[in-house]
Structure formats: C-alpha cells, structure tokens
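Asker: Please see the structure below; I have some questions.
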Amino acid sequence: MQKKELNIAVIGAGLTGLTTAYYLQKFGFQVQVFEKDNRAGGVIKTHQKNGFVYESGPNTGSMSQEEAAELFEDLAADCTLEYANQAAKARWIWLGNKWHEMHMGGFKSLTTPLFSWHDKLRMLGEPWRKKGNNPNETVADMVRRRMGKTFLRNAVDPFLSGVYAGDPEQLVTRFALPKLYALEQNYGSFIRGGIQKHRERKNGKPTKANRQVFSVENGLENLINALVKNIGSENIRLACKNLEVKQSNEFHFSVNSESFTHVISTVGSHALRSLFPFLPKAKLGAIEKMNYAKITQVILGFNNWEGIPIQSFGGLVPSAENRDVLGILLPGSFLKNRAPKNGALLSVFLGGVKKPEFFEYSKQEIEQIVKKEVGEMMGLKQFKPDLLELFRYKYAIPQYSFESEQKLQAISDLETEFKGLTLAGNMRDGIGMADRIKQGRIIANNFFTTYS
Ligand SMILES: Cc1cc2nc3c(=O)[nH]c(=O)nc-3n(C[C@H](O)[C@H](O)[C@H](O)COP(=O)(O)OP(=O)(O)OC[C@H]3O[C@@H](n4cnc5c(N)ncnc54)[C@H](O)[C@@H]3O)c2cc1C
C-alpha cells in the first residue's frame with residue numbers, strides 16, 4: 001500500500017492522539033482526529049482566574065524522553081517550553097508533623113531523619129546485593145530487598161503517590177518503573193547502574209532528555225493549542241459523542257461513516273468496549289482488568305501568602321503518615337506568572353488507589369479536609385484562599401500492576417488479528433507526558449518506515 005492510499009483515524013485528542021496526528025501529518029499521511037469532548041487536550045487544561053494561572057490535570061512533566069524535547073523544538077514558533085526554577089527545586093517529604101527536604105546523595109543524605117541508620121548503612125552494600133530474578137516483582141518488594149524499609153516508607157511510597165497516586169505493593173517494577181528495573185537487570189545495582197549511566201551520558205552523544213521539570217509558558221494548554229494549530233482544526237472533529245468504529249470490507253474501518261485504512265486509539269481501557277464493539281470480549285476483558293487511580297485535585301490561590309516559606313517544588317506524604325492528602329505541589333513557586341507577587345498557588349492531590357472513597361465525597365467534605373490538612377501542613381493560622389477550585393478524575397492514572405503482562409499480550413493479539421488497528425494511549429508505555437509524546441512519535445515513525 002502506498003502512503004497516499006492510507007487514511008488514518010486517530011481517536012482521542014489528548015496529548016497522545018495530538019502528538020501522533022502531528023507527526024503522521026508531518027510525514028505526509030492523511031489524518032483525522034476524533035474527540036468526544038468539545039475541546040482538545042484530554043486531561044491537560046489551563047485556567048486563568050483572578051491573577052492565577054493554574055492547571056487541572058498535570059502541572060509539569062519530566063524531560064525524560066528525547067522525543068518530548070524534540071516536539072518542543074518542532075513547535076517552538078507556537079509555544080515556549082518553560083523549565084522549573086532551580087531556586088525552588090527542594091522536594092519535601094512529610095514526616096512526624098513537619099516537612100523534610102529530600103536529599104539523595106551527599107552529606108545531607110547521611111543526616112536526614114527520613115531513613116534509619118540501619119538502612120543508610122545497608123545502602124552501602126547495595127552495589128553488591130544479588131540481582132532479583134522475579135520479573136513480576138512489585139516496587140515495594142524490590143525496594144525492601146535492595147534498599148530497606150525506610151527507603152520504601154519515606155521515599156518510594158510518596159514518590160509513587162506523586163506519580164501514580166498508586167501503591168508500591170501493587171505496582172510491578174518492570175512495567176511501572178521500567179528504567180529502574182533495567183538498572184538492576186543491566187548493571188546489577190541501582191547505584192552502580194546510576195554511576196555507569198551518568199558516565200555514559202557524559203562521554204556519549206549529548207541527550208536532549210535532560211530530565212528537568214518542564215511546563216509551558218502561561219500553561220500546558222499552549223502545547224495543546226500549538227499542536228491543534230499545526231494539525232489544523234479542520235482535521236480534528238470535536239464533540240463526537242457515542243463514537244463507534246466499525247469494520248468494513250472494502251476499507252478496513254469506518255468511523256462516523258467515513259472510511260479509514262487505519263485506526264489508532266488513544267482512549268483509556270474503559271472506553272474501548274463501546275468504541276470497538278467488534279473486538280472479542282475475552283481479549284478486552286484482559287485489558288479492562290487494569291485499575292485506574294481516582295484523583296481529586298484542589299487548586300488553592302492566595303493573594304498574600306502567610307504560611308511557611310514556600311521556595312520549593314512541593315511536598316509528598318508517605319502513606320504511613322496517615323494524612324488525607326497525597327501531596328501539595330507549589331507551581332506558583334517554580335513557574336513564572338502563576339500567582340500574584342507575594343501570593344501562592346497550591347495544587348493539592350487527594351485520593352489515589354489507597355483512598356478511592358474520596359472521589360465520592362461532596363465538595364464541602366473535600367474543602368473541610370483540605371482546610372485541615374493544608375492549614376496544618378503549610379502553617380496557615382487562618383485558611384482563607386482567594387481561589388479554590390476542585391477537579392475530579394475517575395480514570396486519572398492507570399496502574400501497571402500484576403495484570404500488565406496479560407494486558408499487553410491482549411493488545412498485541414488484537415493488533416495482529418485486526419490489521420490496521422493500533423491500541424495506544426497511557427494504558428501502555430508510560431503515563432508521564434514525555435512518555436505520551438514518545439509513544440505518539442514512535443507510532444508515526446513506524447508508519448513512516450513501513451509506508452515510505
Ligand atoms: C490529575 C492528573 C495529574 C497528572 N499529573 C501528571 C504530572 O504531573 N506529570 C505527568 O507527566 N503526567 C501527569 N499526568 C498524566 C498525564 O497527564 C496523562 O498520562 C496524559 O496527559 C494522558 O494523555 P492521553 O492523550 O494519553 O490521554 P487523555 O488526556 O485522557 O486523552 C484521551 C482523549 O480521548 C478522548 N476519548 C475518550 N473516549 C473517547 C471516545 N469514545 N471517542 C472519542 N474520544 C474519546 C478523551 O475525551 C480525551 O480527550 C496526570 C494525569 C492526571 C489525570
């Protein structure tokens with residue numbers, strides 16, 4: 001089949017779908033994006049109100065993939081990448097009624113109360129500890145085995161709350177933290193692997209994946225707007241309610257009565273059954289077993305901040321501390337023009353897989369929790385925010401848990417059985433924004449190499 005004979009439908013206009021469509025089009029393919037909502041962007045959305053610029057959904061990403069840096073280069077005329085201010089790079093962990101700065105290396109990591117002396121000493125032996133051989137080992141088991149219980153309790157558990165709103169006892173390292181898994185498998189140790197990787201980076205080809213925290217000037221939605229502008233809004237169909245993809249003989253698929261040779265889905269696993277009624281239920285069942293963390297997000301804006309000093313990225317809370325928030329991010333401290341001078345912007349996350357019931361709480365109940373938690377943890381004598389907004393996500397973050405292998409097998413089987421179908425999105429290949437961009441780019445690259 002020639003490139004010009006191809007007609008590709010992308011379902012979902014979130015970051016994955018838009019990146020895929022952008023590169024496919026750049027490589028000369030005909031693409032139509034179908035989106036059920038009346039706007040593009042998926043969970044990425046920027047809001048402006050009373051002098052605050054704030055995000056619902058993700059606030060920042062990590063520049064962990066070259067493809068993400070390249071997308072920003074490609075879109076430089078239409079949106080401006082912003083890196084987090086290094087002056088506010090401190091990351092806090094809540095322990096015993098106060099925040100402690102996290103240090104992973106150097107003298108301060110020896111004196112930190114976050115880890116026991118036993119585990120600090122045990123860490124010295126990490127490079128010589130035996131390599132694990134269970135491919136389905138959870139993050140919790142792996143960290144206990146290599147680093148010790150307090151590293152799990154006060155570093156990895158809150159880190160996974162921040163990234164997955166998840167539970168280290170349920171997340172399987174090979175799927176949830178593939179880079180960490182590879183460090184042990186390839187180098188035998190996190191420390192040895194980390195050092196070796198650092199050397200390789202220093203001596204090898206410079207990488208654009210600098211692992212810095214990124215956003216976009218005036219909000220992440222400007223990345224979405226730039227993608228939409230370049231794809232052309234005439235190629236993005238919004239408000240496509242109750243979309244159904246059908247198989248047709250002459251062409252492979254029909255979407256909204258239009259014919260397509262290929263369909264690329266970027267929707268969540270829960271949306272597949274109604275979208276693709278022809279897919280076998282048993283295979284879909286294996287994909288649908290994956291759980292999603294439900295997240296409630298509260299944005300707080302203060303015109304005049306009177307709490308503790310907030311020159312920080314924000315803080316995460318170990319589950320063992322039994323607080324009602326997962327973490328508090330401080331975008332007003334590390335991004336430009338997000339809050340009035342002397343003010344503060346906080347993004348508070350609640351719920352996750354450990355407290356799914358929060359999703360059902362009323363706005364008043366959530367406000368009471370936030371008032372108590374933020375008041376106490378951020379040292380506010382009185383809780384009088386000038387901005388309070390609440391957002392809820394039923395399918396916020398997919399959990400790469402024990403069913404991951406079967407899920408990926410089912411996806412691969414379906415793609416083999418139904419030629420021209422790609423099942424993508426964050427149900428596989430990583431949940432971070434940089435992972436989403438990478439996946440979209442790889443899909444487009446594969447089309448290019450196959451059909452050019
Ligand atoms: C609260 C929250 C905080 C996060 N924080 C971070 C963070 O700090 N850093 C980070 O890197 N990542 C973060 N993430 C994860 C990251 O934002 C997502 O993984 C990524 O944006 C998902 O993009 P996507 O395009 O794959 O999916 P989505 O954004 O979900 O887009 C999918 C699109 O498909 C559409 N759709 C669904 N069903 C249909 C259908 N039947 N027909 C047509 N269209 C359909 C949806 O409406 C949506 O627009 C966060 C996510 C959430 C929810």
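Every number in this text was worked out from the coordinates using simple rules, so none of it is lab data. Since the model is a prediction, treat every value here as computed from it, not as a measurement. Positions of Cβ are generated from backbone atoms using ideal geometry, with glycine treated the same way; all protein chains shown enter the neighbour counts.
Asker: As I understand it, the value is the acute angle between the Cα axis of helix 221-231 and the longest principal axis of the Cα atoms of the chain; what does it come to in degrees, rounded to 10?
Answerer: 20 degrees
Asker: Next up: Please quote Rg/Rh for the chain to two decimal places, taking the Kirkwood radius as Rh and restricting both calculations to Cα atoms. Please list the in-between numbers first.
Answerer: On the way: Rg = 22.6 Å, Rh = 23.3 Å.
Checking Rg against Rh, the ratio lands at 0.97.
Asker: Based only on Cα atoms, what mean projected area does the convex hull of segment 115-203 have, in nm²?
Answerer: 5.8 nm²
Asker: Provide the gained length on full extension for the span Leu124 to Ala76, in nm with one decimal, where the gain is 0.36 nm per separating residue minus the Cα-Cα distance.
Answerer: 12.8 nm
Asker: Next question. Mind giving me the nanometre distance, one decimal, between the label points for Met1 and Lys341, set 7 Å out from Cα along Cα→Cβ?
Answerer: For Met1 paired with Lys341, the spin-label model returns 5.9 nm.
Asker: Still on this model: Between Asn242 and Ser452, what length in nm is gained on full extension when 0.36 nm per residue of separation is reduced by their alpha carbon distance?
Answerer: 72.2 nm
Asker: At what distance in nm do the modelled label points of Gln409 and His100 sit from each other, each positioned 7 Å from its Cα along Cα→Cβ?
Answerer: Calculated label separation equals 4.3 nm.
Asker: With everything on Cα atoms, drop me the angle between helix 178-187 and the longest principal axis of the chain, reported from 0 to 90° to the nearest 10.
Answerer: Computed tilt is about 80 degrees.
Asker: Sticking with this structure for a sec: Can you tell me the orientation of helix 433-451 relative to the chain, as the angle in degrees between its alpha-carbon axis and the longest Cα principal axis, to the nearest 10?
Answerer: Long axis of 433-451 versus the principal axis of the chain: about 30 degrees.
Asker: Given the pairs Lys197/Lys289; Lys197/Lys355; Lys4/Lys229; Lys229/Lys336; Lys294/Lys407; Lys36/Lys89, which span a C-alpha to C-alpha distance of over 28 angstrom in this model?
Answerer: Pairs exceeding the cut-off: Lys197/Lys289; Lys197/Lys355; Lys36/Lys89.
Asker: Here's a follow-up. If neighbour count is taken as other Cβ atoms inside 10 Å, put Trp305, Trp117 in order from fewest to most.
Answerer: Trp117, Trp305
Asker: Return, ordered by residue number, the residues of segment 203-220 whose backbone nitrogen is under 15 Å from a label point located 7 Å along Cα→Cβ of Asp37.
Answerer: Under cut-off, by backbone N: 220.
Asker: Cut-off is 10 Å between beta-carbons; in what order do Ile369, Ile236 appear when sorted fewest neighbours first?
Answerer: By the 10 Å Cβ count, ascending, the order reads Ile369, Ile236.
Asker: If I model a spin label at Asn85 and Phe278 as a point 7 Å from the Cα along the Cα→Cβ vector, what separation in nanometres do I get?
Answerer: For the pair Asn85/Phe278, the computed spacing is 5.5 nm.
Asker: Hey, another quick one. Rounded to the nearest 500, what is the chain's calculated 222 nm mean residue ellipticity when only DSSP H runs of at least 4 contribute -39500 (n - 2.57) each, over all residues?
Answerer: Details: 16 runs with 152 residues, N = 452.
Result for the chain: -9500 deg cm²/dmol, rounded to the nearest 500.
Asker: Once the piece of chain linking Thr261 and Glu169 is laid out straight, how much longer is it, given 0.36 nm per residue of separation minus the C-alpha distance between them? Write out the running numbers ahead of the final one.
Answerer: On the way: separation 92, 0.36 × 92 = 33.12 nm, distance 4.21 nm.
Between Thr261 and Glu169, full extension yields 28.9 nm more.
Asker: If you don't mind, another one. Quick one: Glu137, Glu35, fewest Cβ neighbours within 10 Å first, how do they rank?
Answerer: So the ranking, lowest neighbour count to highest, is Glu137, Glu35.
Asker: I need the shape label for segment 27-68. Rule: rounded when a/c is under 1.5, else prolate if a/b > b/c, else oblate, with a, b, c from the alpha carbon gyration tensor.
Answerer: Values: a/c = 2.96, a/b = 1.37, b/c = 2.16.
Oblate shape, in that a/c is at least 1.5 and b/c is the bigger or equal ratio.
Asker: Continuing with this model, one more query. When DSSP assigns beta bridges and you keep just the ones with both residues in the chain, what percent turn out antiparallel, to the nearest 5?
Answerer: Values: 44 of 61 bridges.
The antiparallel fraction comes to roughly 70 percent.
Asker: Out of Ile195, His270, Asn235, whose Cα points farthest toward the positive end of the dipole of segment 193-278 (charges: +1 Lys, Arg; -1 Asp, Glu; placed on Cβ)?
Answerer: Ile195
Asker: For an R0 of 30 angstrom, estimate the FRET efficiency from the Cβ-Cβ distance between Ser116 and Glu357 and round to the nearest 0.05.
Answerer: 0.40
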